[in-house]
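Asker: Could you have a look at this structure, given as C-alpha coordinates, before my questions?
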Amino acid sequence: MTIQSSRPKRGRLASGLGVVCLSALAQTPISQASPNVAELERRVSELSRELAEAQRALKAARTDTASTAGTTVNTIAPASDSDPATVTTENTATTTTAPDDSFRIGPVTIGGALRANAVIGSYQGFDNGPNRGGNGGNVELDTFRLNLSLDYENIIGRLEYRWYPADSGTSYNFPHTAWLGYRFADESEVQVGINRVPFGPGPYGVSQSWFFDQHYYVGLSDDMDLGLKYSTKRGPWSLDFAYYAASEGSYFGRSLDSARYSYDAVRWEESVDANGNVVYGGAHNGYEERHQFNLRAIYSLTDSRIPTDLGVSLQYGQLQGQRTDDGSHWAASAHMVNRFDDFTLATQLTRYEYDIDANNPWGTDTLIPMGAYDFAWPVAAKAWIPAVSLSYLKETPSLPWLDSVRPYVEYSRIIKDESAFNDSQMWVIGAAWASGGWYIYSDLAYSNGNYFVGNEASGDGSDDYGRLDGVGDFGVNGNDEWNYRFNLNLGYYF
(Lines give C-alpha, C1' and ligand atoms only; values in the text may rest on other atoms or scores of the structure.)
Protein backbone atom coordinates (compact mmCIF):
# COMPACT_ATOMS: atom_id res chain seq x y z
CA MET A 1 0.00 0.00 0.00
CA THR A 2 1.20 3.50 -0.66
CA ILE A 3 0.30 6.33 1.70
CA GLN A 4 1.01 9.54 -0.13
CA SER A 5 3.56 11.90 1.37
CA SER A 6 2.06 15.04 2.85
CA ARG A 7 5.04 17.23 1.96
CA PRO A 8 3.70 20.58 0.67
CA LYS A 9 5.01 22.36 -2.37
CA ARG A 10 7.65 24.78 -1.11
CA GLY A 11 7.07 27.60 -3.55
CA ARG A 12 3.29 27.55 -3.19
CA LEU A 13 3.41 27.64 0.60
CA ALA A 14 6.08 30.31 0.71
CA SER A 15 4.12 32.61 -1.58
CA GLY A 16 1.01 31.95 0.48
CA LEU A 17 2.83 33.02 3.63
CA GLY A 18 3.84 36.25 1.92
CA VAL A 19 0.23 36.99 0.97
CA VAL A 20 -0.91 36.34 4.54
CA CYS A 21 1.74 38.66 5.98
CA LEU A 22 1.03 41.48 3.51
CA SER A 23 -2.69 41.10 4.01
CA ALA A 24 -2.35 41.22 7.76
CA LEU A 25 -0.10 44.26 7.57
CA ALA A 26 -2.54 46.00 5.25
CA GLN A 27 -5.34 45.45 7.76
CA THR A 28 -3.38 47.06 10.59
CA PRO A 29 -5.17 50.29 11.52
CA ILE A 30 -2.98 53.29 10.61
CA SER A 31 -3.95 56.86 11.19
CA GLN A 32 -3.39 58.90 8.04
CA ALA A 33 -2.53 61.97 10.05
CA SER A 34 -0.24 60.44 12.70
CA PRO A 35 0.95 56.85 12.27
CA ASN A 36 1.63 54.95 15.50
CA VAL A 37 5.22 53.89 14.83
CA ALA A 38 5.51 51.78 17.99
CA GLU A 39 2.34 49.86 17.13
CA LEU A 40 3.58 49.25 13.58
CA GLU A 41 6.92 47.98 14.86
CA ARG A 42 5.17 45.65 17.32
CA ARG A 43 2.91 44.32 14.58
CA VAL A 44 5.80 43.78 12.15
CA SER A 45 7.72 41.94 14.88
CA GLU A 46 4.73 39.71 15.59
CA LEU A 47 4.29 38.90 11.90
CA SER A 48 7.99 38.14 11.60
CA ARG A 49 7.74 35.62 14.43
CA GLU A 50 4.71 34.00 12.80
CA LEU A 51 6.56 33.80 9.48
CA ALA A 52 9.59 32.21 11.16
CA GLU A 53 7.37 29.62 12.86
CA ALA A 54 5.64 28.83 9.57
CA GLN A 55 9.00 28.45 7.83
CA ARG A 56 10.15 26.02 10.53
CA ALA A 57 6.93 24.04 10.08
CA LEU A 58 7.49 24.01 6.32
CA LYS A 59 11.02 22.69 6.75
CA ALA A 60 9.79 19.93 9.06
CA ALA A 61 7.02 19.03 6.61
CA ARG A 62 9.53 18.84 3.76
CA THR A 63 11.60 16.31 5.69
CA ASP A 64 10.49 13.29 3.79
CA THR A 65 11.21 10.62 6.33
CA ALA A 66 9.03 8.23 4.50
CA SER A 67 10.33 4.77 5.25
CA THR A 68 9.88 2.53 2.31
CA ALA A 69 8.31 -0.23 4.24
CA GLY A 70 8.58 -2.17 1.01
CA THR A 71 10.57 -5.35 0.90
CA THR A 72 10.36 -8.62 -0.70
CA VAL A 73 12.00 -10.99 1.62
CA ASN A 74 12.84 -13.91 -0.55
CA THR A 75 14.68 -16.09 1.88
CA ILE A 76 15.75 -19.16 0.04
CA ALA A 77 18.52 -20.34 2.33
CA PRO A 78 19.58 -23.85 1.29
CA ALA A 79 20.04 -26.17 4.27
CA SER A 80 22.47 -28.06 2.07
CA ASP A 81 23.83 -27.39 -1.38
CA SER A 82 20.93 -29.23 -2.98
CA ASP A 83 18.04 -28.85 -0.55
CA PRO A 84 16.61 -25.33 -0.16
CA ALA A 85 14.84 -25.41 3.18
CA THR A 86 13.42 -21.94 3.68
CA VAL A 87 11.26 -19.84 1.43
CA THR A 88 9.75 -16.61 2.67
CA THR A 89 8.61 -13.51 0.96
CA GLU A 90 7.53 -10.14 2.11
CA ASN A 91 6.51 -6.96 0.36
CA THR A 92 5.51 -4.10 2.51
CA ALA A 93 4.74 -1.59 -0.18
CA THR A 94 4.17 1.31 2.18
CA THR A 95 5.41 4.85 2.29
CA THR A 96 4.57 6.58 5.53
CA THR A 97 5.26 10.09 6.74
CA ALA A 98 7.35 10.24 9.89
CA PRO A 99 5.32 10.83 13.06
CA ASP A 100 5.71 14.11 14.95
CA ASP A 101 7.69 12.35 17.68
CA SER A 102 10.37 11.04 15.28
CA PHE A 103 13.87 11.01 16.73
CA ARG A 104 15.88 13.82 15.16
CA ILE A 105 19.49 14.91 15.47
CA GLY A 106 19.78 18.24 13.70
CA PRO A 107 18.76 17.73 10.06
CA VAL A 108 18.84 13.91 10.39
CA THR A 109 15.72 11.90 11.24
CA ILE A 110 16.18 8.37 12.58
CA GLY A 111 13.57 5.66 12.18
CA GLY A 112 13.17 1.97 11.55
CA ALA A 113 10.88 -1.03 11.64
CA LEU A 114 10.50 -4.40 13.28
CA ARG A 115 8.37 -7.02 11.57
CA ALA A 116 7.11 -10.52 12.30
CA ASN A 117 5.65 -12.93 9.78
CA ALA A 118 3.16 -15.83 9.84
CA VAL A 119 2.77 -18.35 7.01
CA ILE A 120 0.53 -21.27 6.17
CA GLY A 121 0.00 -22.83 2.75
CA SER A 122 0.72 -25.58 0.23
CA TYR A 123 3.95 -26.93 1.69
CA GLN A 124 5.10 -30.52 1.81
CA GLY A 125 6.44 -30.93 5.34
CA PHE A 126 8.10 -28.48 7.68
CA ASP A 127 11.61 -29.12 6.38
CA ASN A 128 10.60 -28.17 2.85
CA GLY A 129 8.36 -25.25 3.77
CA PRO A 130 9.27 -21.75 4.86
CA ASN A 131 10.94 -21.51 8.25
CA ARG A 132 8.00 -19.32 9.32
CA GLY A 133 5.33 -21.74 8.15
CA GLY A 134 5.37 -25.39 7.19
CA ASN A 135 2.12 -27.26 7.14
CA GLY A 136 0.94 -26.02 10.54
CA GLY A 137 2.02 -22.39 10.29
CA ASN A 138 4.32 -20.48 12.57
CA VAL A 139 5.29 -16.93 13.60
CA GLU A 140 8.87 -15.68 13.72
CA LEU A 141 10.86 -12.47 13.62
CA ASP A 142 11.06 -11.35 10.03
CA THR A 143 13.00 -8.12 9.56
CA PHE A 144 14.76 -5.37 11.45
CA ARG A 145 15.79 -2.18 9.72
CA LEU A 146 17.15 1.29 10.46
CA ASN A 147 16.49 4.44 8.44
CA LEU A 148 18.30 7.76 8.28
CA SER A 149 16.78 10.73 6.46
CA LEU A 150 18.74 13.94 5.78
CA ASP A 151 17.12 17.26 4.88
CA TYR A 152 19.38 20.29 5.31
CA GLU A 153 18.39 23.32 3.26
CA ASN A 154 18.51 21.85 -0.28
CA ILE A 155 20.70 18.85 0.56
CA ILE A 156 18.78 15.60 0.97
CA GLY A 157 19.69 11.98 1.52
CA ARG A 158 18.42 8.56 2.59
CA LEU A 159 20.05 5.52 4.14
CA GLU A 160 18.26 2.29 4.97
CA TYR A 161 19.89 -0.92 6.20
CA ARG A 162 18.14 -4.26 6.75
CA TRP A 163 18.80 -7.46 8.69
CA TYR A 164 17.05 -10.78 8.07
CA PRO A 165 17.43 -13.55 10.65
CA ALA A 166 17.42 -17.17 9.49
CA ASP A 167 18.19 -20.62 10.81
CA SER A 168 21.60 -22.32 11.13
CA GLY A 169 23.64 -19.16 10.75
CA THR A 170 22.15 -18.30 7.37
CA SER A 171 21.08 -14.74 8.25
CA TYR A 172 21.99 -11.99 5.83
CA ASN A 173 21.96 -8.20 5.70
CA PHE A 174 22.41 -5.43 3.17
CA PRO A 175 21.66 -1.76 2.44
CA HIS A 176 18.29 -1.08 0.84
CA THR A 177 18.92 2.59 0.02
CA ALA A 178 21.99 4.83 0.27
CA TRP A 179 22.01 8.12 -1.60
CA LEU A 180 22.73 11.85 -1.32
CA GLY A 181 20.92 14.43 -3.38
CA TYR A 182 19.96 18.01 -4.05
CA ARG A 183 16.49 19.56 -4.26
CA PHE A 184 16.24 22.49 -6.67
CA ALA A 185 13.98 25.52 -6.28
CA ASP A 186 11.42 24.05 -8.70
CA GLU A 187 11.20 20.86 -6.58
CA SER A 188 13.27 18.86 -9.07
CA GLU A 189 15.69 16.43 -7.44
CA VAL A 190 18.92 14.68 -8.23
CA GLN A 191 19.97 11.53 -6.31
CA VAL A 192 23.40 9.89 -6.41
CA GLY A 193 24.02 6.44 -4.89
CA ILE A 194 21.82 3.37 -4.39
CA ASN A 195 18.36 4.60 -5.38
CA ARG A 196 15.16 3.23 -6.89
CA VAL A 197 15.17 2.71 -10.66
CA PRO A 198 12.37 4.70 -12.34
CA PHE A 199 10.34 2.00 -14.07
CA GLY A 200 6.59 1.42 -13.95
CA PRO A 201 3.69 3.46 -12.61
CA GLY A 202 5.08 3.82 -9.07
CA PRO A 203 7.76 2.58 -6.70
CA TYR A 204 6.07 -0.85 -6.40
CA GLY A 205 4.62 -1.16 -9.88
CA VAL A 206 0.86 -1.76 -9.82
CA SER A 207 0.97 -3.65 -6.53
CA GLN A 208 -0.56 -2.74 -3.18
CA SER A 209 0.09 -6.14 -1.63
CA TRP A 210 2.82 -7.63 0.49
CA PHE A 211 3.83 -9.99 -2.34
CA PHE A 212 4.35 -7.40 -5.12
CA ASP A 213 3.41 -8.54 -8.62
CA GLN A 214 5.56 -10.65 -10.96
CA HIS A 215 7.45 -7.59 -12.25
CA TYR A 216 9.47 -7.54 -9.05
CA TYR A 217 10.86 -11.04 -9.50
CA VAL A 218 12.45 -10.23 -12.87
CA GLY A 219 14.01 -6.96 -11.69
CA LEU A 220 11.42 -4.53 -13.05
CA SER A 221 9.75 -3.22 -9.89
CA ASP A 222 11.21 -1.67 -6.75
CA ASP A 223 14.68 -2.25 -8.17
CA MET A 224 17.60 -0.53 -6.42
CA ASP A 225 20.76 0.20 -8.43
CA LEU A 226 23.90 2.32 -8.05
CA GLY A 227 23.86 5.49 -10.11
CA LEU A 228 22.40 8.94 -10.71
CA LYS A 229 18.73 9.88 -11.13
CA TYR A 230 17.12 13.22 -11.99
CA SER A 231 13.38 13.72 -11.40
CA THR A 232 11.35 16.76 -12.35
CA LYS A 233 7.82 18.00 -13.12
CA ARG A 234 6.91 20.08 -16.15
CA GLY A 235 3.24 21.00 -16.04
CA PRO A 236 1.26 17.73 -16.21
CA TRP A 237 4.44 15.75 -16.97
CA SER A 238 6.51 13.85 -14.40
CA LEU A 239 9.90 12.95 -15.89
CA ASP A 240 12.75 10.75 -14.67
CA PHE A 241 16.16 10.31 -16.27
CA ALA A 242 18.72 7.92 -14.80
CA TYR A 243 22.10 6.29 -15.40
CA TYR A 244 23.26 3.32 -13.33
CA ALA A 245 26.87 2.21 -13.44
CA ALA A 246 26.03 -1.09 -11.74
CA SER A 247 23.47 -2.91 -9.63
CA GLU A 248 23.38 -2.25 -5.89
CA GLY A 249 25.85 -5.09 -5.29
CA SER A 250 25.91 -8.06 -2.93
CA TYR A 251 26.71 -7.74 0.77
CA PHE A 252 26.65 -10.13 3.74
CA GLY A 253 25.22 -13.62 3.26
CA ARG A 254 26.09 -17.13 2.07
CA SER A 255 25.47 -16.72 -1.66
CA LEU A 256 28.10 -15.61 -4.13
CA ASP A 257 26.32 -12.51 -5.41
CA SER A 258 22.69 -12.44 -4.20
CA ALA A 259 22.76 -10.91 -0.69
CA ARG A 260 20.85 -7.91 -1.96
CA TYR A 261 17.39 -6.35 -1.77
CA SER A 262 16.17 -6.34 -5.37
CA TYR A 263 16.41 -8.80 -8.24
CA ASP A 264 19.30 -8.41 -10.70
CA ALA A 265 21.19 -10.55 -13.16
CA VAL A 266 23.90 -12.08 -10.95
CA ARG A 267 26.86 -14.42 -10.81
CA TRP A 268 26.34 -17.77 -9.09
CA GLU A 269 28.27 -21.01 -8.39
CA GLU A 270 25.96 -23.44 -10.18
CA SER A 271 25.95 -25.07 -13.60
CA VAL A 272 23.63 -27.46 -15.44
CA ASP A 273 24.62 -30.71 -17.15
CA ALA A 274 23.28 -31.98 -20.46
CA ASN A 275 20.38 -33.78 -18.72
CA GLY A 276 19.15 -30.68 -16.88
CA ASN A 277 20.64 -31.58 -13.48
CA VAL A 278 21.88 -28.65 -11.41
CA VAL A 279 25.49 -28.99 -10.21
CA TYR A 280 26.09 -26.97 -7.04
CA GLY A 281 29.29 -25.32 -5.84
CA GLY A 282 31.23 -25.04 -9.10
CA ALA A 283 33.18 -22.25 -10.77
CA HIS A 284 31.75 -18.74 -10.61
CA ASN A 285 29.75 -17.73 -13.67
CA GLY A 286 26.90 -15.50 -14.78
CA TYR A 287 26.48 -11.77 -15.24
CA GLU A 288 26.87 -8.38 -13.62
CA GLU A 289 24.75 -5.41 -14.70
CA ARG A 290 26.63 -2.42 -16.14
CA HIS A 291 25.83 0.97 -17.74
CA GLN A 292 22.03 1.00 -17.54
CA PHE A 293 19.93 3.92 -18.81
CA ASN A 294 16.33 4.64 -17.77
CA LEU A 295 13.68 7.06 -18.95
CA ARG A 296 10.17 7.37 -17.52
CA ALA A 297 7.46 9.86 -18.50
CA ILE A 298 4.03 10.09 -16.83
CA TYR A 299 1.26 12.46 -17.98
CA SER A 300 -1.35 13.32 -15.33
CA LEU A 301 -4.95 14.06 -16.36
CA THR A 302 -5.98 15.72 -13.11
CA ASP A 303 -9.00 17.64 -14.42
CA SER A 304 -10.85 14.66 -15.88
CA ARG A 305 -13.79 13.00 -14.17
CA ILE A 306 -11.53 10.03 -13.41
CA PRO A 307 -8.03 11.37 -12.65
CA THR A 308 -5.58 9.29 -14.66
CA ASP A 309 -1.81 8.93 -14.93
CA LEU A 310 -0.61 7.66 -18.32
CA GLY A 311 3.01 6.61 -18.54
CA VAL A 312 5.78 4.85 -20.40
CA SER A 313 9.07 3.45 -19.08
CA LEU A 314 12.18 2.50 -21.06
CA GLN A 315 15.33 0.68 -19.91
CA TYR A 316 18.53 -0.47 -21.61
CA GLY A 317 21.73 -1.85 -20.09
CA GLN A 318 24.78 -4.02 -20.62
CA LEU A 319 25.68 -7.36 -19.04
CA GLN A 320 29.26 -8.21 -18.14
CA GLY A 321 29.71 -11.96 -18.38
CA GLN A 322 31.88 -14.31 -16.36
CA ARG A 323 32.72 -17.61 -18.12
CA THR A 324 30.37 -16.48 -20.86
CA ASP A 325 30.25 -13.67 -23.42
CA ASP A 326 28.91 -10.23 -22.51
CA GLY A 327 25.27 -9.48 -23.24
CA SER A 328 22.64 -6.76 -22.97
CA HIS A 329 19.09 -6.27 -21.73
CA TRP A 330 16.18 -3.96 -22.37
CA ALA A 331 12.61 -3.43 -21.20
CA ALA A 332 9.70 -1.24 -22.24
CA SER A 333 6.46 -0.71 -20.38
CA ALA A 334 3.16 1.14 -20.79
CA HIS A 335 1.22 1.82 -17.61
CA MET A 336 -1.86 3.62 -16.35
CA VAL A 337 -3.32 4.50 -12.94
CA ASN A 338 -7.01 5.51 -12.64
CA ARG A 339 -8.56 6.93 -9.47
CA PHE A 340 -12.26 7.21 -8.79
CA ASP A 341 -13.26 8.34 -5.32
CA ASP A 342 -11.38 5.93 -3.04
CA PHE A 343 -10.80 3.29 -5.74
CA THR A 344 -7.47 2.88 -7.55
CA LEU A 345 -7.09 0.78 -10.70
CA ALA A 346 -3.52 0.23 -11.92
CA THR A 347 -2.56 -1.58 -15.12
CA GLN A 348 0.78 -2.32 -16.76
CA LEU A 349 2.07 -4.19 -19.81
CA THR A 350 5.81 -4.85 -20.11
CA ARG A 351 8.14 -6.48 -22.60
CA TYR A 352 11.65 -7.45 -21.43
CA GLU A 353 14.58 -9.27 -23.04
CA TYR A 354 17.95 -10.46 -21.77
CA ASP A 355 20.08 -11.05 -24.85
CA ILE A 356 22.85 -13.53 -23.96
CA ASP A 357 24.92 -16.29 -25.58
CA ALA A 358 23.91 -19.94 -25.20
CA ASN A 359 27.54 -20.96 -24.64
CA ASN A 360 27.43 -20.73 -20.86
CA PRO A 361 27.60 -23.09 -17.85
CA TRP A 362 23.83 -23.56 -17.74
CA GLY A 363 23.71 -24.33 -21.47
CA THR A 364 20.98 -22.06 -22.83
CA ASP A 365 20.23 -18.47 -23.85
CA THR A 366 16.58 -18.82 -22.82
CA LEU A 367 17.35 -18.58 -19.06
CA ILE A 368 19.48 -16.18 -17.05
CA PRO A 369 20.44 -16.44 -13.34
CA MET A 370 18.87 -13.68 -11.25
CA GLY A 371 19.14 -13.31 -7.51
CA ALA A 372 18.04 -11.48 -4.37
CA TYR A 373 17.69 -12.29 -0.67
CA ASP A 374 20.74 -14.56 -0.72
CA PHE A 375 19.56 -16.96 -3.45
CA ALA A 376 19.91 -17.14 -7.24
CA TRP A 377 17.92 -19.17 -9.77
CA PRO A 378 17.29 -18.93 -13.55
CA VAL A 379 14.55 -16.67 -14.92
CA ALA A 380 13.04 -16.70 -18.41
CA ALA A 381 15.23 -14.49 -20.59
CA LYS A 382 12.40 -13.10 -22.75
CA ALA A 383 8.76 -12.53 -21.83
CA TRP A 384 5.73 -10.28 -21.64
CA ILE A 385 4.26 -9.29 -18.27
CA PRO A 386 0.68 -8.01 -17.94
CA ALA A 387 -0.32 -6.89 -14.44
CA VAL A 388 -3.41 -5.30 -12.90
CA SER A 389 -4.56 -4.33 -9.41
CA LEU A 390 -7.75 -2.86 -7.95
CA SER A 391 -7.77 -1.40 -4.45
CA TYR A 392 -10.07 0.62 -2.21
CA LEU A 393 -8.93 2.88 0.62
CA LYS A 394 -11.31 3.17 3.57
CA GLU A 395 -10.35 5.62 6.29
CA THR A 396 -11.86 4.88 9.69
CA PRO A 397 -11.90 8.03 11.87
CA SER A 398 -14.71 6.58 14.00
CA LEU A 399 -12.55 3.64 15.10
CA PRO A 400 -9.89 4.60 17.67
CA TRP A 401 -7.93 1.40 17.05
CA LEU A 402 -7.76 1.66 13.24
CA ASP A 403 -6.69 4.51 10.94
CA SER A 404 -7.46 2.90 7.59
CA VAL A 405 -7.88 -0.36 5.71
CA ARG A 406 -7.13 -0.98 2.04
CA PRO A 407 -8.51 -4.20 0.47
CA TYR A 408 -7.14 -5.19 -2.93
CA VAL A 409 -7.06 -7.85 -5.61
CA GLU A 410 -4.14 -8.30 -8.03
CA TYR A 411 -3.16 -10.47 -10.99
CA SER A 412 0.11 -10.73 -12.93
CA ARG A 413 1.66 -13.20 -15.35
CA ILE A 414 5.04 -13.88 -16.96
CA ILE A 415 4.21 -14.96 -20.53
CA LYS A 416 7.43 -16.59 -21.71
CA ASP A 417 8.65 -16.75 -25.30
CA GLU A 418 9.74 -20.38 -25.01
CA SER A 419 6.84 -22.73 -25.75
CA ALA A 420 8.49 -25.43 -23.61
CA PHE A 421 8.25 -23.19 -20.54
CA ASN A 422 5.10 -22.83 -18.47
CA ASP A 423 3.88 -19.29 -17.79
CA SER A 424 4.07 -18.03 -14.20
CA GLN A 425 0.81 -16.59 -12.90
CA MET A 426 -0.12 -15.13 -9.53
CA TRP A 427 -3.34 -13.91 -7.90
CA VAL A 428 -3.31 -12.00 -4.62
CA ILE A 429 -6.32 -10.97 -2.57
CA GLY A 430 -5.84 -9.23 0.73
CA ALA A 431 -5.97 -6.07 2.81
CA ALA A 432 -3.54 -3.69 4.47
CA TRP A 433 -4.41 -2.34 7.93
CA ALA A 434 -2.90 0.84 9.42
CA SER A 435 -3.05 1.95 13.04
CA GLY A 436 -0.55 4.43 14.39
CA GLY A 437 2.90 2.94 13.90
CA TRP A 438 1.45 -0.50 13.09
CA TYR A 439 1.03 -1.74 9.55
CA ILE A 440 -0.40 -5.21 8.93
CA TYR A 441 -0.79 -7.16 5.69
CA SER A 442 -3.18 -10.09 5.40
CA ASP A 443 -2.70 -11.72 1.99
CA LEU A 444 -3.83 -14.89 0.27
CA ALA A 445 -1.68 -15.66 -2.79
CA TYR A 446 -2.46 -18.33 -5.38
CA SER A 447 0.19 -19.07 -8.00
CA ASN A 448 1.45 -21.66 -10.47
CA GLY A 449 4.92 -20.18 -10.87
CA ASN A 450 6.27 -18.26 -7.89
CA TYR A 451 8.61 -20.18 -5.62
CA PHE A 452 7.53 -18.11 -2.64
CA VAL A 453 3.98 -19.47 -2.88
CA GLY A 454 3.92 -23.15 -1.88
CA ASN A 455 6.25 -25.95 -2.92
CA GLU A 456 3.90 -28.83 -3.80
CA ALA A 457 4.40 -30.57 -7.14
CA SER A 458 2.40 -33.17 -9.03
CA GLY A 459 2.19 -36.70 -7.63
CA ASP A 460 2.37 -35.45 -4.01
CA GLY A 461 5.96 -34.33 -4.60
CA SER A 462 7.69 -31.09 -3.78
CA ASP A 463 9.89 -28.67 -5.70
CA ASP A 464 13.16 -30.27 -6.80
CA TYR A 465 16.01 -27.77 -6.87
CA GLY A 466 18.25 -30.51 -8.22
CA ARG A 467 16.84 -30.02 -11.71
CA LEU A 468 16.41 -26.96 -13.87
CA ASP A 469 12.87 -28.02 -14.80
CA GLY A 470 11.87 -29.28 -11.35
CA VAL A 471 10.67 -26.08 -9.70
CA GLY A 472 7.53 -23.92 -9.89
CA ASP A 473 9.50 -20.79 -10.69
CA PHE A 474 10.05 -17.81 -13.01
CA GLY A 475 12.11 -19.85 -15.47
CA VAL A 476 11.10 -23.24 -16.85
CA ASN A 477 8.34 -23.63 -14.23
CA GLY A 478 8.54 -27.38 -14.65
CA ASN A 479 5.96 -28.23 -11.97
CA ASP A 480 3.27 -25.80 -13.16
CA GLU A 481 1.32 -26.67 -10.03
CA TRP A 482 -1.15 -24.22 -8.44
CA ASN A 483 -0.26 -23.56 -4.78
CA TYR A 484 -1.61 -21.19 -2.16
CA ARG A 485 -0.04 -19.24 0.65
CA PHE A 486 -1.74 -17.20 3.38
CA ASN A 487 0.65 -14.63 4.75
CA LEU A 488 0.22 -12.33 7.75
CA ASN A 489 2.89 -9.67 8.19
CA LEU A 490 2.85 -7.51 11.34
CA GLY A 491 5.12 -4.49 11.27
CA TYR A 492 5.79 -1.68 13.71
CA TYR A 493 7.40 1.43 12.20
CA PHE A 494 9.13 4.06 14.30
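Asker: How big is region 316-419 by the Kirkwood estimate over distinct Cα pairs, in Å?
Answerer: 16.9
Asker: Out of region 270-378, which trypsin sites (Lys or Arg not before Pro) are coil in DSSP terms and have no more than 10 other C-beta atoms within 10 Å? Walk me through the numbers before you get to the answer.
Answerer: Working: sites: Arg290, Arg296, Arg305, Arg323, Arg339, Arg351; in loops: Arg305, Arg323.
Answer in residue order: Arg305.
Asker: From the phi angles alone, apply the Karplus equation (6.51, -1.76, 1.60; θ = phi - 60°) to region 195-207 and give each ³J(HN,Hα) in whole Hz, x where the residue is Gly or Pro.
Answerer: 9, 6, 5, x, 8, x, x, x, x, 10, x, 8, 7
Asker: Another question about this same structure. Could you tell me whether region 412-458 comes out rounded, prolate or oblate from its Cα gyration tensor? Rule is a ≥ b ≥ c as square roots of the eigenvalues, rounded for a/c under 1.5, then prolate if a/b exceeds b/c, otherwise oblate. Before the final figure, lay out the partial values.
Answerer: Working: a/c = 4.18, a/b = 2.53, b/c = 1.65.
Since a/c reaches 1.5 and a/b is larger than b/c, the shape of region 412-458 is classed as prolate.
Asker: Per-residue HN-Hα couplings for region 269-283, Karplus 6.51 cos²θ - 1.76 cosθ + 1.60 at θ = phi - 60°, whole Hz, x for Gly and Pro?
Answerer: 10, 9, 8, 10, 7, 5, 9, x, 7, 7, 9, 8, x, x, 5
Asker: If amide H atoms are built 1.01 Å from N in the plane of the peptide, which residues on other chains or at least 5 residues away come under 5 Å of the amide H of Leu367?
Answerer: Distant-sequence amide H within range of Leu367: Ala381.
Asker: Leaving ligands, DNA and RNA out of it, report the carbon-plus-sulfur percent of the accessible area of region 160-235 at a 1.4 Å probe.
Answerer: 62
Asker: Which number comes out as Rg/Rh for region 239-383 once both Rg and the Kirkwood Rh are worked out on C-alpha atoms?
Answerer: Across region 239-383, the Cα-based Rg/Rh ratio is 1.09.
Asker: When you have a sec, figure out the Kirkwood radius of region 332-379 from all distinct Cα pair distances and drop it here in Å to one decimal?
Answerer: Over region 332-379, the inverse of the mean reciprocal pair distance is 14.0 Å.
Asker: Can you tell me the length gained on complete extension of the stretch Glu353 to Tyr243, counting 0.36 nm per residue apart and subtracting the Cα distance?
Answerer: 37.7 nm
Asker: Under the 0.36 nm per residue contour assumption, what length would be gained going from the current alpha-carbon distance of Ser304 and Asp403 to full extension?
Answerer: Result for the pair: 32.7 nm of gain on full extension.
Asker: Using every alpha carbon pair in region 253-313, what percent of pairs falls into each 5 Å bin from 0 up to the bin containing the largest distance?
Answerer: Calculated over all Cα pairs of region 253-313, the distribution is 4, 13, 14, 14, 11, 9, 8, 9, 7, 6, 5, 2 percent.
Asker: State the dimensionless ratio Rg/Rh of region 335-479 (Rg: radius of gyration of Cα atoms; Rh: Kirkwood radius).
Answerer: Values: Rg = 18.9 Å, Rh = 17.6 Å.
Reported Rg/Rh, Kirkwood definition of Rh: 1.08.
Asker: State whether region 190-237 is rounded, prolate or oblate according to the following rule on the C-alpha gyration tensor (a ≥ b ≥ c being the square roots of its eigenvalues): a/c under 1.5 gives rounded; otherwise a/b larger than b/c gives prolate, and the remaining case gives oblate.
Answerer: oblate
Asker: Shifting gears a bit: Rounded, prolate or oblate: which one fits region 160-228, using the alpha carbon gyration tensor with axes a ≥ b ≥ c (rounded when a/c is under 1.5, else prolate when a/b beats b/c, else oblate)?
Answerer: Because a/c hits 1.5 or more and a/b fails to exceed b/c, region 160-228 counts as oblate.
Asker: Pop out the ³J(HN,Hα) list for region 447-459 in order, Karplus 6.51 cos²θ - 1.76 cosθ + 1.60 with θ = phi - 60°, rounded to Hz; leave Gly and Pro as x.
Answerer: In residue order, the calculated couplings are 8, 10, x, 9, 6, 9, 10, x, 9, 6, 10, 5, x Hz.
Asker: Give me the percent of accessible area attributable to carbon and sulfur for region 343-494, probe 1.4 angstrom.
Answerer: 58
Asker: Can I ask one more? If I take R0 = 22 Å and measure r between the Cβ atoms of Phe494 and Asn173 in this structure, what FRET efficiency does the formula 1/(1 + (r/R0)^6) give, to the nearest 0.05?
Answerer: Taking R0 as 22 Å, the efficiency between Phe494 and Asn173 is 0.70.
Asker: Right, here's the next one. Would you mind checking which residues have amide H under 5 Å from Asp264's amide H? H placed 1.01 Å from N; only 5 or more apart, or other chain.
Answerer: Correct list: Gly371.
Asker: Related question: Tell me, in nm to one decimal, what length is gained between Val139 and Arg339 on full extension, where the rule is 0.36 nm per residue of separation less the Cα-Cα distance? Mind showing how you got there, number by number?
Answerer: Working: separation 200, 0.36 × 200 = 72.00 nm, distance 3.60 nm.
My answer for the length gained is 68.4 nm.
Asker: State the dimensionless ratio Rg/Rh of region 169-328 (Rg: radius of gyration of Cα atoms; Rh: Kirkwood radius). It would help to have the intermediate numbers written out before the result.
Answerer: Numbers: Rg = 18.3 Å, Rh = 17.6 Å.
With Rh from the inverse mean 1/r over Cα pairs, Rg/Rh is 1.04.
Asker: Dividing the convex hull volume of the alpha carbon atoms of region 415-494 by its residue count, what do you get in Å³ per residue?
Answerer: Hull volume over Cα atoms, normalised by residue count, gives 112 Å³.
The values are calculated or read from the model by the stated rules, or taken from the named source; none is laboratory data. Every value quoted in this text rests on a predicted model; they were computed, and no experiment measured them. Here Cβ is always computed from backbone atoms with ideal geometry, including for glycine, and neighbour counts include all displayed protein chains. Side chains included, ligands, DNA and RNA excluded: accessible areas come from the protein's heavy atoms. Shrake-Rupley method; radii C 1.70, N 1.55, O 1.52, S 1.80 Å.
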